[in-house]
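Participant: Quick one: this structure, given as structure tokens, is what I'll be asking you about.
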Amino acid sequence: MIIQSGSRTDIPAFYADWFANRLREGYVYVRNPYNMTYVTKYILHPSVVDLISFCSKNPKPMLKYLDLLRPYGMYWYVTITGYGRDIEPNVPDIPDVIETFKRLSEFAGIDSMGWRYDPIFLDDKYTKEYHLEKFEEIATALDGYTNTSVISFIDIYQKVKKNFPEARALEKEDRMYLGERMARIAREHGMVLRPCAEGNELEVFGADCSGCMTQAIYEKAVHNTMNFPKIKNARETCKCFLGNDIGMYNTCLHMCKYCYANYDYKTVMDNHANHDPKSPLLIGHIRPEDEIHQIEQKSWIDGQLTFDFLK
């Protein structure tokens with residue numbers, strides 16, 4: 001099966017010690033975000049976890065725990081954008097994240113690395129030309145360390161409206177303008193551009209619109225074919241397999257203005273104050289009213305080694 005660690009928070013950036021403890025102890029508890037007394041127990045062992053998927057803006061704290069990850073398949077999406085601290089207050093500087101990206105690529109392999117430049121929004125400071133300049137700058141630095149570049153244009157979710165009211169969705173003309181040029185830049189640096197939940201409109205420019213966390217991507221990362229279960233995607237526009245997320249909303253300290261996973265600063269800080277690196281739960285501890293459910297887990301790898309990754 002696949003464990004996802006990055007749809008709800010940034011575990012490598014802020015909870016690396018906790019995750020290392022979970023790997024050592026071999027299990028993790030996860031609260032259902034819509035029923036907080038329903039707790040799922042996942043076994044963390046390479047016999048039943050084929051791949052761990054990470055999404056992070058700062059994976060550096062995980063570098064000291066790479067030996068714990070060695071037995072697992074893995075896929076890393078590292079987000080590196082051109083925004084400043086006015087938008088991403090607690091994200092490290094671009095050169096620092098690029099250096100960490102390179103170290104991860106050398107450890108995990110190029111097929112296990114993806115770069116995300118998202119979400120893209122436009123204003124008087126962050127113009128189309130600004131984005132193209134930064135995209136090319138980062139693509140040049142990552143040349144040879146990944147073959148995947150993901151972009152998306154900002155979605156105005158309710159939490160985004162609350163925390164970033166001035167944000168506006170992009171017009172199609174702007175999406176096409178940026179998509180065409182970013183696809184070319186990515187191609188020039190050995191990468192395929194993958195739009196995230198943007199439909200097929202950028203396909204005409206050579207973008208791969210099949211998704212950014214798909215079975216094919218994960219199979220390439222583990223160099224084996226896999227028998228995936230059929231599930232309904234969380235969003236109609238999303239074609240990805242998101243896996244079983246062990247994170248929790250309202251716990252990411254990056255505090256990005258465009259974030260869809262945080263409600264507000266106080267909620268995040270209150271949750272973070274209840275974090276115990278030794279607890280099986282990311283936030284807090286098991287309570288008397290909690291119901292713990294252990295799901296059935298098994299490997300999805302079917303043993304048919306593939307050499308497609310050599311192409």
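The values are calculated or read from the model by the stated rules, or taken from the named source; none is laboratory data. Predicted model only: the values in this text are computed from it and were never measured. Every residue, glycine as well, gets a Cβ built from its backbone with ideal geometry; the counts of neighbours run over all protein chains shown. For accessibility, only protein heavy atoms count, side chains too; no ligands or nucleic acids. Shrake-Rupley method; radii C 1.70, N 1.55, O 1.52, S 1.80 Å.
Participant: How do Glu88, Glu166 rank by accessible surface area computed with a 1.4 Å probe, from largest to smallest?
Facilitator: Solvent-accessible surface, decreasing: Glu166, Glu88.
Participant: A further question follows. Points 7 angstrom from Cα along the Cβ direction at Phe205 and Glu180: gap in nanometres?
Facilitator: Taking the simple label geometry, Phe205 and Glu180 are separated by 0.8 nm.
Participant: Which value, in Å², gives the accessible area per residue of the chain when a 1.4 Å probe is used on the protein heavy atoms?
Facilitator: That works out to 47 Å² per residue.
Participant: Okay, next question. With an 8 Å Cα cut-off and a minimum separation of 6 or more residues, compute the relative contact order for the chain in percent.
Facilitator: Contact order relative to length: 26 percent.
Participant: While we're here: Rounded to the nearest percent, how much of the accessible area of the chain (1.4 Å probe, protein heavy atoms only) is carbon and sulfur?
Facilitator: About 50 percent, which is the carbon plus sulfur part of the accessible surface.
Participant: So, one more: From the phi angles alone, apply the Karplus equation (6.51, -1.76, 1.60; θ = phi - 60°) to the stretch 51-67 and give each ³J(HN,Hα) in whole Hz, x where the residue is Gly or Pro.
Facilitator: 7, 10, 9, 10, 10, 8, 9, 8, x, 3, x, 7, 4, 6, 10, 4, 4
Participant: Turning to a different aspect of this structure: For the stretch 281-296, what does the Karplus curve 6.51 cos²θ - 1.76 cosθ + 1.60, with θ = phi - 60°, yield as ³J(HN,Hα) per residue in whole Hz, taken in order and with x for Gly and Pro?
Facilitator: Result, rounded to whole Hz: 9, 4, 10, x, 9, 5, 10, x, 7, 6, 10, 9, 10, 9, 7, 6.
Participant: Let me ask you something else. Calculate the dipole size of the stretch 34-136 relative to its Cα centre from +1 charges on Lys and Arg beta carbons and -1 charges on Asp and Glu beta carbons; express the result in debye to the nearest 20.
Facilitator: The calculated dipole for the stretch 34-136 is roughly 460 debye.
Participant: Step through the table entries Lys125/Lys159; Lys161/Lys257; Lys41/Lys298; Lys57/Lys220, compare each Cα-Cα distance with 18 Å, and write down the pairs that go over it.
Facilitator: Check vs 18 Å cut-off fails for Lys125/Lys159; Lys57/Lys220.
Participant: Then there is this: How far is it, in nm, from the label point at Asp17 to the one at Asp270 when both lie 7 Å from their Cα along the line to the Cβ?
Facilitator: Distance between label points: 2.4 nm.
Participant: Just the accessible area for Arg181, please: 1.4 Å probe, Å², rounded to the nearest 10?
Facilitator: Estimated to the nearest 10 Å², Arg181 gives 70 Å².
Participant: Mean shadow of the chain, computed from the convex hull of its alpha carbons, in nm²?
Facilitator: Value for the chain: 15.5 nm².
Participant: Separate question: Round to a whole angstrom and tell me the spacing of the C-alpha centers of the stretch 120-182 and the stretch 266-281.
Facilitator: Each part reduced to its Cα centre gives a spacing of 31 Å.
Participant: So if the hydrodynamic radius of the stretch 77-204 is defined as the Kirkwood radius over C-alpha pairs, what does Stokes-Einstein give as its diffusion coefficient at 4 °C and 1.567 mPa s, in µm² per second?
Facilitator: Rounded to a whole number, D works out at 86 µm²/s.
Participant: Alpha carbons only, please: Rg and Dmax for the stretch 57-115, in angstrom.
Facilitator: 12.1, 39
Participant: Please work out the FRET efficiency for the pair Arg85 and Arg287, using the Cβ-Cβ distance as r and a Förster radius of 30 Å; give the result to the nearest 0.05.
Facilitator: 0.20
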